[in-house]
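Below you'll find the structure, written out as structure tokens, and then a few comments.
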Amino acid sequence: MIKDALRIAEKDLKLEGRSKEILLTMGFFGFLAVLTLAFAFRRGDAPVASVASGSLWVAIAFSGTLGLGRAFERERENDSIRALLLSPVPRTSIYLGKAIGIVTFMFVVELVVVPAVLLFFTIPMGVEKIAWLTLLCVLGTLGYALVGTLLAASLIRSGARDVLLAVVLYPIIIPVIIAGAMGTNAIFEPQIAHADLGTWLRVLGAFDVVMLVTSLWIFEALILD
Amino acid sequence: MTPGAFDEKGPLGFPPVLAVLCAITGLMFCYSLHLAFYVAPVEAQMGFVQKIFYFHVPSAWVLFLSVGVAAVGSVGFLSTRGAKWDRLGNAGTELAIVFGALVLFSGPLWGRKAWGAYWVWDVRLTSSLVLVLTMVASKIVRGYAGGSAKQIAAGLAIFAVINSVFVYYSVDIWRGTHPPKVMGDLDPLMKKALWTSVFTFLLAYVCLLWMRLRLGRLEAAVDHLHMQATEAGLHD
């Protein structure tokens, strides 16, 4: 099952490697989102540093939604989703393969978004902080992508899928936003954080595991033949 | 399709047991109101405003019950694809939104008087808000998602139940030591008023659920008749 999933992911990544359409649009949008938030939250001549952690996760969430929509639109356009479903590959491999692709896209975009936040909100960083931030982003992105892939795949044949994806995804990933933003807060401003980073990392880890299991369990039932 | 859907006994096809149950529920509401306002003592700290408690708490419990019903319907539908499970899931979702609206309306009203602000990010209110939002999303999906709408809505209901645990826990950690839990030991008369209220709301829920399920069955029967009429060439 894992081999099939990796093969499907490889297909997506190869396609994207040639056209770079999703990465460029997602990345640019993520950067613009951070910039917009930096303009929106100003006090005096600089953005308020305390909203940096929230802004990071809002930018990740919004560009993630774009990427999810575009990735599955591509499958729909070529009707390759039908080919995938007809192939002898188990459905859960399709889910995992698409999820791996989405996670990879989001990581690449975060390589743009995170430095943008650090730059525009003037956050001082050290090597250790960057390492913790990387771990937090990995866990948060995994949770977001696992749920997002399931919901985007189930909406693939729906009419209003773009707006419906946002409508159904955002309530479910609220724990990722809370834990991600609070965890980032603990890294950026440890002196005023409510709880330590370890707690939030554990919340994200638990969320990832539970959502992976749930998604694997119901993916088959949700995909229309 | 059962032809019996339209043949229920009673003057307008309304089940007599349900009619009796509704009547009893109406009387129970009067009794609950009496207990809440005239029998239960006024609370020492919060005064008269505390009486929202007798509506807010049962509404919240019925909200969680309804989400559970929606989840059961969803699991049943995803396992068997039976229409009656989907109807149960739909009914549960709608009633969760109704009682959720009651909770989210009465909660801030109480909060304004008790804590000074309409919204103070209380753990339970916040996680209830996310839960109700997910139920609303499920309802929106049923309306606009086309072919696979029922499956997606069912999946969402299951996610809602699992997610509510994470949201509750996350907000709890985030809020740290803010203690909005105001209920200590209850006076016996207050307990009586509360449990009567809970029982009344449960009765009301059963009535509403039964009515909604009946409505769902009738809608399915009408759809079936439409299809048969079209096939027989009776429609334009």
(Q) If you only keep lysine pairs separated by 8 or more in sequence, or across chains, how many in the range A:1-133 come under 19 Å at the Cα atoms? (A) 7
Q) Which order do B:Asp122, B:Asp172, A:Asp79 fall in if you start with the one that has the fewest other Cβ atoms within 10 Å? A) A:Asp79, B:Asp172, B:Asp122
Q) To the nearest whole number, what is the average tally of beta carbon atoms from other chains within 10 Å of the beta carbons of peptide A:176-187? A) 2
Q.
As I understand it, the value is the acute angle between the Cα axis of helix B:83-115 and the longest principal axis of the Cα atoms of chain B; what does it come to in degrees, rounded to 10?
A. 20 degrees
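What is the mean number of Cβ atoms from other protein chains located within 10 Å of the Cβ atom of each residue in peptide B:71-81, rounded to a whole number? Display every interim value, and only then the final one.
Details: counts 0, 0, 0, 2, 2, 0, 1, 5, 1, 0, 1.
Mean number of neighbouring Cβ atoms from other chains: 1.
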Q: Output the DSSP H helices from chain A with an along-axis C-alpha extent of no less than 20 Å and a mean Kyte-Doolittle hydropathy no less than 0.0.
A: A:21-40, A:52-77, A:91-120, A:127-154, A:174-188, A:197-222
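In a shell of Cβ-Cβ distance under 11 Å around B:Ser197, excluding B:Ser197 itself, what net charge do Lys and Arg (+1) and Asp and Glu (-1) give?
Summing Lys/Arg as +1 and Asp/Glu as -1 gives +3.
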Q. Taking other Cβ within 10 Å of each residue's Cβ, how do A:Cys137, B:Cys207, B:Cys30 sort, fewest first?
A. B:Cys30, B:Cys207, A:Cys137
**Q.** Packing-based order for A:185-191, A:100-106, B:113-119, using average beta carbon neighbours within 10 Å, highest first
**A.** A:100-106, A:185-191, B:113-119
Q) Could you give the angle, 0 to 90 degrees to the nearest 10, between helix B:149-175's Cα long axis and the longest principal axis of the Cα atoms of chain B? A) 10 degrees
Q) So what is the relative contact order of chain B, in percent, for Cα pairs below 8 Å that sit 6 or more residues apart? A) 27 percent
Q. Quick one: helix B:123-144 against the long Cα principal axis of chain B, what's the angle to the nearest 10°, folded into 0 to 90?
A. 20 degrees
Q.
Order these by the 10 Å Cβ neighbour count, fewest first: A:Trp57, B:Trp85.
A. B:Trp85, A:Trp57
Q) Cα centroid distance between the range A:64-110 and the range A:201-217, in Å? A) 19 Å
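What 222 nm value per residue comes from the helices of chain B, counting each DSSP H run with n ≥ 4 as -39,500 (n - 2.57) and dividing by all residues, nearest 500 deg cm²/dmol?
Rounded to the nearest 500, the figure is -26500 deg cm²/dmol.
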(Q) Pairs of alpha-carbon atoms within less than 8 angstrom and 6+ residues apart define the contacts here; what relative contact order does chain A have, in percent? (A) 27 percent
Q.
Nearest 500 deg cm²/dmol is fine: what mean residue ellipticity at 222 nm does chain A get from its DSSP H runs of n ≥ 4 alone, each adding -39,500 (n - 2.57), divided by its residue count?
A. -28000 deg cm²/dmol
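We did not get these values from a lab; they are worked out from the coordinates using the rules stated. Being a predicted model, the structure only gives us computed values, none of them experimental. We place every Cβ from the backbone using ideal geometry, glycine too, and count neighbours over all the protein chains shown.
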